[in-house]
Amino acid sequence: MTAPITLASVRQRGRSLRSLPAIAAAVFLGIVVAVSVLAPLLPLDPTTTDLTARWQPPSAEHLFGTDDLGRDYFSRVVYGGQISLTVGVLAMLAATSIGVVVGLVAGYARGWLDETLMRLVDFLSSIPWMVLVIVASVFLRPGLWTIILVIGLFAWMPTARLVRAETMSLRERTYVGYARFLGEKPRRVVWRHVLPDAAPTIIVAAAATISSAMLTESALSFLGLGIQPPMASWGSLLETAQGALARNPWLALIPGLLITGTVLSFNVLGDALRRTIVERSDA
């Protein structure tokens, strides 16, 4: 029997998303996303060089100082955030799409198809992700779309596992069995009855995938296999700042803190969303 809805239960359900860490994470991500999206409308130029203004410290004229070519580092960080977020979101969409399809098919079909797909997931999961991504990057031309494609193709396995487990549970629900009894086609049953109820799990997995994609892009760019000049991401800014750590440590500190803060914020919001969903299901 469903528990009655009271003021206390409503407050309990919203407590996770209204917690201080979740609010702070949402505000931080909102600022980062807004600045990155509005970058083309701002008076920023990340490519103009001025060799007479190299290695300048942060000032009123250059908020984050300048780099080895005299470029405004604040502009480069803003446009680098645009690239990093683009990689994270698009790679997440690709990985989530593949993972959801594989998980739904495996969890609903069961039998030999489930075994085949899960053995594929086990095989790909047993190989270190960095090895897979580096090998694929070597055979493909480095660039933005290559990074998105490679990460999307090798980051879907955790989502597939979660969606499969959720689908196997939903498959046994009474309303799903009744839909099958009425003769609805499996595709229709999955689309109308299984997928909507699996959506919370998919959302949580997507939040984790964005964080993973951004970290992967940063690692690849740091190794020189990611975003190529003249484009820049937070990871590539870290890579180019290696030679100036002793002289200008903020060149590495700023993108490093932004990567950490963004990834942490996505994880905090994903965890808050998960706890909220669990609270609602238990209420």
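The values are calculated or read from the model by the stated rules, or taken from the named source; none is laboratory data. This structure is a prediction, so every number in the text was calculated from the model and none was measured. Using ideal geometry, Cβ is built from the backbone for each residue, glycine included, and neighbour counts are taken over all protein chains shown. To get the accessible areas, we keep the full protein, side chains included, count just its heavy atoms, and leave off ligands, DNA and RNA. Shrake-Rupley method; radii C 1.70, N 1.55, O 1.52, S 1.80 Å.
If you go through the range 196-212 one residue at a time, do you hit one that is of a type in the set (Gly, Ala, Ser), free of Cβ contacts under 8 Å to residues at least 24 places away in the same chain and either exposed (fewer than 15 other Cβ atoms within 10 Å of the Cβ) or in a helix (DSSP H, G or I) (or both)? Checked against the condition, which is being of a type in the set (Gly, Ala, Ser), free of Cβ contacts under 8 Å to residues at least 24 places away in the same chain and either exposed (fewer than 15 other Cβ atoms within 10 Å of the Cβ) or in a helix (DSSP H, G or I) (or both), the range 196-212 yields at least one hit.
For the range 78-97, the set of residues classified as farther than 30 Å from His62 by Cα, open to solvent by less than 50 Å² (accessible area, probe 1.4 Å) and either modelled with pLDDT of 95 or more or not β-branched (Val, Ile, Thr) (or both) consists of Ala91, Met92, Ala94, Ala95, listed by residue number. For the residues Leu132, Leu149, Leu162, Leu117, the requirement of being open to solvent by 20 Å² or more (accessible area, probe 1.4 Å), in contact (Cβ under 8 Å) with a residue 12 or more places away in the chain, part of a helix (DSSP H, G or I) and within 24 Å of Val78 (Cα to Cα) singles out Leu149. The lone criterion from (1) part of a helix (DSSP H, G or I); (2) more than 19 Å from Val32 (Cβ to Cβ); (3) at pLDDT below 85 left unmet by Ala246 is number (1).
Tell me, which residue of the range 244-258 that is open to solvent by 10 Å² or more (accessible area, probe 1.4 Å) and in contact (Cβ under 8 Å) with a residue 60 or more places away in the chain is farthest from Leu85 (Cα to Cα)? Applying the filter and picking the extreme gives Arg247. Could you check the range 29-75 and list, in sequence order, the residues that are at positive phi and touching a strand residue (DSSP E or B) at 6+ places or on another chain (Cβ under 9 Å)? Result: Trp55, Gly65. Quick check, is Thr209 of a type outside the set (Gly, Ala, Ser) and more than 21 Å from Ser233 (Cα to Cα)? The answer is no for Thr209.
Scanning the range 171-185 turns up no residue that is assigned to a loop (DSSP other than H, G, I, E, B), open to solvent by less than 30 Å² (accessible area, probe 1.4 Å) and of a type outside the set (Phe, Trp, Tyr).
Within the range 27-40, being loosely packed, with under 15 Cβ neighbours inside 10 Å and either within 19 Å of Ser233 (Cα to Cα) or touching a residue at least 12 places away in the same chain (Cβ under 8 Å) (or both) holds for Gly30, Ile31, Ala34, Val37, Leu38, Pro40. When you look at Val100, is it at pLDDT 90 or above, touching a helix residue (DSSP H, G or I) at 6+ places or on another chain (Cβ under 6 Å) and either open to solvent by less than 60 Å² (accessible area, probe 1.4 Å) or under 23 Å from Asp271 (Cβ atoms) (or both), yes or no? Criteria met by Val100. Please go through the range 217-229 and give me each residue that is open to solvent by 10 Å² or more (accessible area, probe 1.4 Å) and out of contact with any Ser or Thr (no Cβ under 6 Å at 6 or more places or on another chain), ordered by number. Of everything in the range 217-229, those that are open to solvent by 10 Å² or more (accessible area, probe 1.4 Å) and out of contact with any Ser or Thr (no Cβ under 6 Å at 6 or more places or on another chain) turn out to be Ser218, Ala219, Phe222, Leu223, Gly224, Gln228, Pro229.
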